[in-house]
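Taking it in order: structure first as structure tokens, then the write-up.
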Amino acid sequence: MREITPRTIMEMKGKEKIAMVTAYDYPSALIADRAGMDIIFIGDSLGMVVYGEPSTLVVSMDQMVLHTRAVAKAVKRALVLADMPFGSYEVDVEEGIRNAIRLIQAGADAVKIEGGYDHKKLVKRLVRMGIPVMGHTGLTPQRYLRLGGYRLMGETEEEIEEILRDAKALEKAGAFAVVLEFTLADVAKLVTEEVSIPTIGIGAGPYVDGQVLVWHDLLGIYENVPPFVKKYADIGGMIRLALENYREEVKNGSFPAREHYWEFLDKEEFKRKARKVLERLSEDD
């Protein structure tokens, strides 16, 4: 068992902020774990940032299992959380259970489900089975078509009510935490005060119990990022510069330099060996 568990996360509410980041492969997860992250999240955002898809709706269970397995192998300390992709739990509870089991068997410690009130039966069943669940409300990307795009949530009474109802339903069903995405900070604060489980924000302000960002966004892999993201590095620029330098050195012949390759110290010995090899090959012809 890893050091950080769902119970650990629940006990952090009101005491210590929760740091959560996405990771989609072994090396990224290894770095994130060594950096001291509390939760490492294999999000269905991989569809967009890894596969170049226009949305998360095309991400499959097979993809999530593949990436979860890679991440889980790297993580020793943090809680490993895997997303339930679109279409993997909406049809019925039994299908949701089967797919959640696949992610746990791939190495996840818990699963995340978008939505709250609509899936309270599934959350309750999973928790009773021993599968920890994190919920997700506010902006739910899997429902962006219904929402009218990726937009700020919580401006109307109806939206505030839906967000709070989701969070309370998740709490009652036994979820150990809930993500609040792209939600007005006042609403996120209200939810945080009204539920006993931790709230983890992404674009939801400072009044929540923790924060999550996408790996590629905070590291500056791509130029365009959501408006709520802070870039902590320009890794994309650093990678591009490194590749440009490599290309230039290949073109002008300065790479590989002498320290990057090996030769026979005795050139006459090499010539003798090469001559014998060539003679044998000519005989074979």
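For the stretch 227-233, just list the computed ³J(HN,Hα) in residue order, Karplus coefficients 6.51, -1.76 and 1.60, θ = phi - 60°, integers in Hz, with x standing in for Gly and Pro.
Running phi through 6.51 cos²θ - 1.76 cosθ + 1.60 with θ = phi - 60° gives x, 8, 8, 9, 7, 8, 7 Hz.
Please sort by residue number the GluC sites (Glu not before Pro) in the stretch 76-173 whose DSSP state is loop and whose Cβ has at most 14 other Cβ atoms within 10 Å.
Within the stretch 76-173, the qualifying GluC sites (Glu not before Pro) (loop, at most 14 other Cβ atoms within 10 Å) are Glu155.
Measure up Lys112/Lys189; Lys76/Lys172; Lys120/Lys230 against 28 Å on the Cα-Cα distance and list the ones that go over.
Values: Lys112/Lys189 21 Å; Lys76/Lys172 30 Å; Lys120/Lys230 33 Å.
Those over the limit are Lys76/Lys172; Lys120/Lys230.
What is the stretch 9-89's relative contact order, in percent, from Cα pairs under 8 angstrom and six or more apart in sequence?
Relative contact order of the stretch 9-89: 35 percent.
With charges set only on the Cβ (+1 for Lys and Arg, -1 for Asp and Glu), what does the dipole of the stretch 132-240 come to about its Cα centre, in debye to the nearest 20?
On the way: 10 positive and 16 negative charges, 87 e Å.
Roughly 420 debye, rounded to the nearest 20.
Taking only protein heavy atoms and a 1.4 Å probe, what accessible area per residue, in Å², does the chain have with all protein chains in place?
Value returned for the chain: 55 Å² of accessible area per residue.
Aspartates and glutamates near Lys17 by alpha-carbon distance under 14 Å, same-chain residues fewer than 8 away left out - which ones?
Asp38, Asp209
With the full set of protein chains in place, find how many percent of the accessible area of the stretch 6-130 is carbon and sulfur; take the probe as 1.4 Å.
54
Picking from Val93, Thr5, Met48, whose Cα lies most toward the positive end of the charge dipole for the stretch 1-151 (charges on Cβ: Lys, Arg +1; Asp, Glu -1)?
Farthest along the dipole direction, towards plus: Thr5.
The values are calculated or read from the model by the stated rules, or taken from the named source; none is laboratory data. Since the structure is predicted, the reported quantities are computational estimates derived from the model, not experimental observations. Don't worry about glycine lacking a Cβ; one is built from the backbone with ideal geometry, like all the others, and counts go over all protein chains shown. Keep in mind that these areas ignore ligands, DNA and RNA; they rest on the heavy atoms of the full protein, side chains included. Shrake-Rupley method; radii C 1.70, N 1.55, O 1.52, S 1.80 Å.
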